[in-house]
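Novice: Below: one structure in structure tokens.
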Amino acid sequence: MNQLFSLEKTCPDTGARAGILTTSHGSILTPTFMPVGSQGTVKAMTPHDLESLGVGMVLANTYHLYLRPGIEVISKLGGLHKFMSWHGPILTDSGGFQVFSLGHLSRINDEGVLFRSHIDGSEHFLTPEYTTKIQEELGADIIMVFDECPPYVENFQNIRQAMERSHVWAERCRRVHSREGQALFGIVHGGTYAELRRQSATFITSLDFPGYAIGGLSLGEPKALMHSMLDDIMPMLPGNKPRYLMGVGSPEDLVECVARGVDMFDSALPTRLARNGALFTSTRRYSVGNARFKLDAMPIDTDCDCYTCRNFSAAYLHHLFKSEELLAYHLATVHNLRFITRLMEQIRQSILDGTFVSFKESFLSRYQPTNAVVRAEQKQKWLESRQSNNSPD
RNA sequence: GGAGGGGUGGGUGAGCGGCUAAUACCAGCAGACUGUAAAUCUGCCGCCUGACAGGCUACGUAGGUUCGAAUCCUACCCCCUCCA
């Protein structure tokens, strides 16, 4: 393979960067957001839709595709690109995340993870070698090492143990990976412990992967903690390789994390929110099912250039959601994905223009976080003030 | 005309002497969702006081029995089924 990543420009005042990622299924411009399509489909979207929204790369999931339809099916039908008729780049996740999110179904040891299928109860044993092999078979352009992703609440000991296991697994994936034209990314772990994060970044970069992911963040920890982890790690990752922050996809997070040097993001958030009727606008997100939209003749986002906003009123979307019409999910997903891809385009352009800092500031001052985020920030401040009041002894 | 069944909060519909402002579902209102077991989940949903809590009015209507009734009795009004 030729060079995977080339850096075009960096923002002198932040860590933000613009670059180009080149795969055998085309090039994409970074920073980029990759919508999640675990089962070989971004829900409610055709590949044609994705293309016209400006989506570059899509995500698929090893765990889900392995269980259904099964790797041999996809293999016989010509690989994942052909199977799902998406001819742009694909990134497959190893299924490591599922080890944690489906934790009650699994047993984990140094060798690998014993799963019970959530579909039919059958038992499966996934190892680093096996998931790498599966991902080679699927034929994605970028694949991920098999890792363990413990929840945010785990204590230091558990986080360290999971991190160390992930390190060994990363090495094992690296050793068996051989498919040409396919890049295997390492994943930095360490939870919210700066010390572990640095340790992990040192180890993972020593394995010399073509790209590096940051895993185990955006799992409910305070935003400030996620930011400080990124601030710690990013300078340790080689500048000439792509950096991928796993599982991040809210508008404010994307802006904040690009500023810290991230090139690639994925998240189920924009598409899932869309299906649940929560739509992004430049000032905040709205639940289009709310009564306030019943008679609203304007598009949900008057600044948006997407098919949905160019053709339909908020009142119509409101009606589609209330009546549970299938079109609701499609139109809403079109909008949210376009909102995010446009945001990434704007970010990139501002980096190239040298105006990223002002773009970031004006976006963040305009964009109102959700009640939950505001509340979480209040709680954090409250806890800190309590701690400082109670800690004189 | 005769026999039987039934009338419960916006709707459907449980409850059949105290634990019942009343199960459940729907509708309604709001919130959540970040490497997707998610077109999902959570909360509220008689009226009044901002909330805690409390007060008021409620199970067709009017009486009655009882310490206590949506639940038992009587009368009336209405609805449904069957037979003539």
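Derivation of every value follows stated rules applied to the coordinates shown; laboratory data play no part. Since the model is a prediction, treat every value here as computed from it, not as a measurement. A quick note on method: Cβ atoms are made from the backbone with ideal geometry, for glycine too, and the neighbour counts reach across all protein chains shown.
Novice: Let me have the 222 nm mean residue ellipticity of chain A computed from DSSP H runs of 4+ only, each contributing -39500 (n - 2.57), with the sum over all residues rounded to the nearest 500.
Specialist: The per-residue figure over chain A is -13500 deg cm²/dmol.
Novice: Suppose R0 equals 35 Å. What FRET efficiency, 1/(1 + (r/R0)^6) with r the Cβ-Cβ distance, do A:Asp353 and A:Glu195 give to the nearest 0.05?
Specialist: Working: r = 38 Å, r/R0 = 1.09.
Computed FRET efficiency for A:Asp353 and A:Glu195 comes out at 0.40.
Novice: Also, I was wondering about something else. Output the peptides A:43-51, A:327-335, A:288-296 sorted from most to least packed, where packing is the average of other Cβ atoms within 10 Å over each peptide's residues. The partial results should precede the final answer.
Specialist: Numbers: A:43-51: 17.1, A:327-335: 22.8, A:288-296: 15.6.
The densest-packed peptide leads the list: A:327-335, A:43-51, A:288-296.
Novice: Moving to a separate point now. Treat each spin label as a single point 7 Å out from the Cα along the C-beta direction, and report the A:Asp231 to A:Leu77 distance in nm.
Specialist: About 4.8 nm, to one decimal.
Novice: Also: Place a point 7 Å from Cα of A:Arg366 in the direction of its Cβ. Which residues in region A:289-326 have their backbone N less than 12 Å from it?
Specialist: Once the point is set 7 Å along Cα→Cβ of A:Arg366, A:302-304 turn out to lie under 12 Å by backbone N, inside region A:289-326.
Novice: May I ask you to derive the FRET efficiency for A:Asp208 and A:Arg284 from their Cβ-Cβ distance with R0 = 35 Å, giving the value to the nearest 0.05?
Specialist: Here the calculated transfer efficiency is 0.25.
Novice: Another question, if that's okay. Over chain A, what is the relative contact order in percent, taking alpha-carbon pairs closer than 8 angstrom and at least six residues apart?
Specialist: With pairs under 8 Å counted, the relative contact order is 17 percent.
Novice: Mind jotting down the distance between the C-alpha centroids of region A:4-77 and region A:149-193, whole Å?
Specialist: 21 Å
Novice: Still on this structure, please answer the following. Determine ³J(HN,Hα), in whole Hz, for all residues of region A:56-67 in sequence, where each value follows from phi through the Karplus function 6.51 cos²θ - 1.76 cosθ + 1.60 and θ = phi - 60°; x replaces Gly and Pro.
Specialist: x, 10, 10, 9, 9, 10, 4, 4, 5, 6, 5, 6
Novice: Report, as a whole number in µm² per second, the diffusion coefficient that Stokes-Einstein gives for region A:9-137 at 20 °C and 1.002 mPa s using the Kirkwood radius over alpha carbon pairs.
Specialist: On the way: Rh = 16.3 Å.
In µm²/s, the coefficient is 132.
Novice: In a shell of Cβ-Cβ distance under 13 Å around A:Asp49, excluding A:Asp49 itself, what net charge do Lys and Arg (+1) and Asp and Glu (-1) give?
Specialist: Details: positive: A:Lys43, A:Arg338; negative: A:Glu51.
My count for the surroundings of A:Asp49 gives +1.
Novice: Given the C-alpha centroids of region A:86-131 and region A:207-241, what is the distance between them in whole angstrom?
Specialist: 23 Å
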